[in-house]
Each structure stands twice: as C-alpha cells, then as structure tokens.
Amino acid sequence: MFPLDPKTLLAQTLKPFATGGRAGVPGYFERYLLEPTDNDTTAISTRLADVKAIWDKSLEHSRYGDLAKKLAAEHEDAELLLLDPSERAQLASEAQRAADVAAAKAKTVLAEWRELLAEHAGDDGLTPAARSMLERMAAREGIDPALAQTELEAAPVAAPPPVMPPEIRAQVSKALQDLARADGEERLALSLYHALGLEGPTSDLALVQRRFDELEARMRKQAHGQKATAYKTVLAHVKLHLLERDPRAYVEGLIEDIGTAMEFEFARLAGDRLIDPVESESLLESAMRRGLTPDLARRLISELARDAGAVVQTGEHVDYVACPACNTPHARPSAPRHCKRCGTSLFLDCPADGCGTRNDATALRCSNCQIDLHRYAEASRRVKALPDAVDAGRILWAAAEIEEIARVLGASAIPDDLRSRVDRLNRDAEATWKSVESAIGGRRLYGARAALRGLARTAGDVLGPNGVTPDAAGRRWIGGSARSTPLWHGHGRQAVKRARRR
C-alpha cells in the first residue's frame, strides 16, 4: 500500500488524466494508491474511505472536480471488487498482465526513440528543433522524463548558426514595436519571446510552439484591425526564426543588440576597470529590463567586461520578478506588490474557484491548479490602458478592447463611467459622420471639414465611408479633391456600417 498524503492525492493520481496525458480514469488500484499484492481487507477498507472523503471535498475543484465526481460515483462498485478477496485477486492478475504488456511496449518505444535520437544527433549534433521534437515524442510515448533528459543531455549539440543579420533584426524589431503600440503593452516590443507572453528567451521550443498555436488561433477569430495585423506579422517572424530555423541565431542577435545599447552605461561604470557588486547588479537589472533572462544577462556582462579588460565582482545571486508591463526586474525577497516604475501589479492571485494561489503576473499558468493565467493578467493590464486610449480618440479600439476584456474578467471589470463614455463617443461619432455626409451633399465643405477635425480629436479611429478615418477624409477635402471626386460616390450610411464592422 502506497503512502497517502491528502494534500497531493489528486495531483498524484489524477493529473495525467486531467491534462490529457492519459485517457479515461485511473485503475482501481491506482486511484486508491493500492498495490496489487495488498491483502489486508481492513486496511484496504480504511484506505477506500479515506480517499472517498478527499474526493467528496474536491467535487468543485477547478481542475480535478469532474474526475472526482466520476470516481466518487464509481466508489460503491470499487468497494465490491476490492473488498472481496477473490475479486481483488482477479483484478490483481489482470493488472499484472496489463503491466507486462505495457512494459514490453515501453521497451520497444524506448528503443525506437533512441534510434531516432542517434539519427538526429548524427555527426553534427542536435539542433534545438530536433531536441524539442524528441522531448515532445518522449512525453507523448510515456518515456521516463528523467531518462529522456539524461540521454538528450549526453547527445552532442549542433554548433550555433551565424548570428541573425542586423537588417533582419531591424525588421523583427519594427514588427515588435508596431505590435506594442497596437496592443498598448510596452513589454511586447522586447523580443519575439515576450510577444508570445513568455518571460524571455527559452530553449523550450515546445512551450514556444504551444504559445504560437494559442495566439494564432486567437488571431484567426480577430481577422481585421491594426492589432490583428501586427500580431500576424510578429507570428510570421516567430514561425520563421524560432520554430523553422535555429532560434539561437535570433537570440545571439538579441544579445548583440542589447550589448550595443548598454555600451555607454557599461563604459561609465567600468572606467576604473572594476565593476563592484552593486554596479554588477545594476547592469544585470538593466540587461534584464531590456529582455534578457538572468543567465543571458550575466553572460552579456561577462562578455562586455572581457572586451573592456574589466573585472566583475558579483554578489549573491538574487531571484527576480519582472513587471508584466514594462519588464522592470525586482529582487523577489523585497519585491513590492506593484512595479516601482509603472505601478503595475507584479503578482496575480489565481482566479480559479478554490485556488487563490499567488503567482508572478508574468506566469503563464497557476503553479497550483495550472489554469491559464496569462489571459487574466493581460486583460487586467489592458483595463488600465483604456482611459488613455479614449483620451487619445481611439474609440473603436477601446470598444473592441472592452468587449474582449469583459469576456475574460467579466463585465464588472470595466468601470461603468468608462463604458458609458465609449458608448457615447461612438454614438456621437456616428452622428457626426452623418452630418458630414449631409454637409458634403449640400456642398458645405467648410462645415464638413470643421466637423471632421473635431471628430479626429475625439474619435479618430471611428471609420467613415469606404473605411477612411476623419483625418484622412479631412486631408482630401482640404486639398480640394472632394469638389471633383466626392469621397462617398453614393455609398452612404451602408458603407459607414461596413467600414465599422471591419
């Protein structure tokens, strides 16, 4: 009989089934942490009752509740089988036969996996993509994770590819900056990894692929708009540079760019050829703020010191928590609740019923129940960007954001006065476009131009006929083209509605 810990039972017995790693439900022995050789009927009866009590307390658990309900409903049948010595013996025999079959299959799978590993390693070594594929295959086939990692670590590693050329890095950087502006998230501009919602460069390509798939699916539902276009451009770069090609070329280029950006800061501190622990920590935080992980940041500082002939004195390694909005690092032991630079919350309490675990706001999943936290944290940050967007006249963008945020956090997360203001400005913009339409029809071009100037300030992204913005329409009329080529051409309000739907 295996030890029973009420705090870990659900994860120990149900996690593979709840996460899709295994189909169905645990077998009778497995679900109660029994061994097929157990024969003490009294002890078995006590174990069954103890496990059933834990299930009964977990019926509303966000992750394991459905499985707990199913197993609790089967409990009486389990008692009839496990408390009857002859039935229990038959179950044990069946379990042993199944274990023998599984062991034979596992041996065959491991041999095939090792053959594939040797083929991919070859003479040139494993690339990150090949390693990621082998890791996913090992997990899918049930190969022991520790064994797989040991054999992967022992395999030769392919030499790094040439650093990504500066002109390609510039293209990627521009796409990231466009995305950050469209989404209102400063942190997205740091790297392709940050654009995926990750904490920085990672060798875990399975995680990169998963985030790519999630974002690509989300963008398919949001077919139009500046934000969707920016995301699709960045995702194309992710697919090409991180998933199809060796991502080390991009990461090395990122390190090179950050090193260039830090040259003056480093030179100022290294004037005496010595970087003391306080200065070293300052440089470390600067590199992390620009998008490097702590390990890559330490590597960069060492390389800068070597090139400058300086000595770096390091203090005790500190664990950091990064701001999810501006990426400013904070030493975890003394980290405040909110970012010292921009005021964004550094931590997120899991919103799942019955959980409430405190997590870093940059975490993708809850450390306890594993639900997706990224969309909650992202939506909470985006609420703060709404007032500034409305003040800037980005009404169409704000309306779309309100709708998307409400789907994640609920309608109550949007302040009533903000929602009312956006609705009013939308109605006012529609009325203004109608008045402009009327003014154009009556050849009152000065009035139309004045109305458009006002609309550009209050609702500059609410589109008019043929999908034009107030500013673009005003420029055409100021140039006099409306006199010879009217913008509407009889499309009227139906065109306005079609443009807004885009």
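The values are calculated or read from the model by the stated rules, or taken from the named source; none is laboratory data. Predicted model, so just to flag it, every value in this text is computed and none were measured. Methodologically, a virtual Cβ is constructed for each residue, glycine included, from the backbone with ideal geometry; neighbour enumeration extends over all protein chains shown. Protein only, heavy atoms only, side chains kept; ligands, DNA and RNA dropped before computing areas. Shrake-Rupley method; radii C 1.70, N 1.55, O 1.52, S 1.80 Å.
Details
- Most to least packed among 135-144, 373-382 [average Cβ atoms within 10 Å]: 373-382, 135-144
- For T42, the accessible area of its heavy atoms, probed at 1.4 Å with every protein chain present, is near 100 square angstrom.
- Among the trypsin sites (Lys or Arg not before Pro) found in the stretch 192-280, those both in a DSSP coil and sparsely packed, with 10 or fewer other Cβ atoms within 10 Å of their Cβ, are R273.
- For K107, neighbours were defined as the other residues whose beta-carbon sits under 14 Å from its Cβ, and their charges (Lys and Arg +1, Asp and Glu -1) total -3.
- Per residue accessible area of the stretch 259-342, 1.4 Å probe, in Å²: 53 Å²
- Contour minus Cα-Cα distance for E30 and R181 (0.36 nm per residue): 49.2 nm
- Taking the helices alone, the chain has a mean residue ellipticity at 222 nm of -19500 deg cm²/dmol, built from -39,500 (n - 2.57) per DSSP H run of at least 4 residues and averaged over all its residues.
- H75, H120, reordered so the largest accessible area comes first (probe 1.4 Å): H120, H75
- Rounded to the nearest 20 debye, dipole of the chain from Cβ charges on Lys, Arg, Asp, Glu: 3840 debye
- With a 1.4 Å probe rolled over the protein heavy atoms of all chains, the accessible area of K57, K107 falls in the order K57, K107, largest first.
- Overall shape of the stretch 158-290 was characterised from the C-alpha gyration tensor. The equivalent ellipsoid obtained from it has semi-axes of 30, 17, 13 Å, in decreasing order.
- Computed label-point distance, nm, for sites R444 and I168 using a 7 Å Cα→Cβ extension: 5.9 nm
- With every protein chain in place, the chain: carbon and sulfur % of accessible area (1.4 Å): 52 percent
- Residue-level accessible surface for K174, protein heavy atoms, 1.4 Å, Å²: 120 Å²
- Among the listed values (1) -0.48, -1.06, -1.36; (2) -0.44, -1.01, -1.29; (3) -0.27, -0.78, -1.32, the one computed from these coordinates for log10 I(q)/I(0) by the Debye sum over Cα atoms at q = 0.06, 0.10, 0.13 Å⁻¹ is (2).
- Rounded tilt (10° steps) of 395-409 against the dominant C-alpha axis of the chain: 20 degrees
- Distance between the pseudo-spin-label points of K221 and A406 (7 Å out from Cα toward the beta carbon): 1.6 nm.
- D272 exposes around 100 Å² of accessible area when a 1.4 Å probe is run over every protein chain in place.
- Placing +1 on the Cβ of every Lys and Arg and -1 on the Cβ of every Asp and Glu, with nothing else charged, gives the stretch 393-470 a dipole about its Cα centre of roughly 500 debye.
- R0 of 45 Å, Cβ-Cβ distance E74-Q149: FRET efficiency to nearest 0.05: 0.80
- The value of relative contact order for the chain, using C-alpha pairs under 8 Å at least six residues apart, is 8 percent.
- Remark: accessible surface ordering of S286, S93, S203 (largest first) is S203, S93, S286, probe radius 1.4 Å.
- Across the stretch 114-128, the residues whose backbone nitrogen lies under 20 Å from the label position 7 Å along the beta-carbon direction of E141 are 114-123, 125-128.
- Computed from the Cβ-Cβ distance with R0 of 35 Å, the FRET efficiency linking D100 to D5 stands at 0.75.
- Helix 294-308 vs. the chain, principal-axis angle (Cα, 0 to 90°, nearest 10): 70 degrees
- Positive end of the dipole of the stretch 48-153 (Cβ unit charges, origin at the Cα centre): among A102, A138, I54, the Cα lying farthest that way belongs to I54.
- Degrees separating the helix 492-501 axis from the principal Cα axis of the chain, which is the longest one: 30 degrees
- Volume per residue of the C-alpha convex hull in the stretch 351-463, rounded to whole Å³: 95 Å³
- Dividing the mean sequence gap of close Cα pairs (under 8 Å, 6+ apart) by how many residues the stretch 13-89 holds gives a relative contact order of 29 percent.
- Taking a ≥ b ≥ c as the square roots of the eigenvalues of the alpha-carbon gyration tensor, the stretch 10-50 is classed prolate because a/c is 1.5 or more and a/b outweighs b/c.
- For the stretch 74-211, diffusion coefficient by Stokes-Einstein and Kirkwood Rh (Cα), 10 °C, 1.306 mPa s, µm²/s: 82 µm²/s
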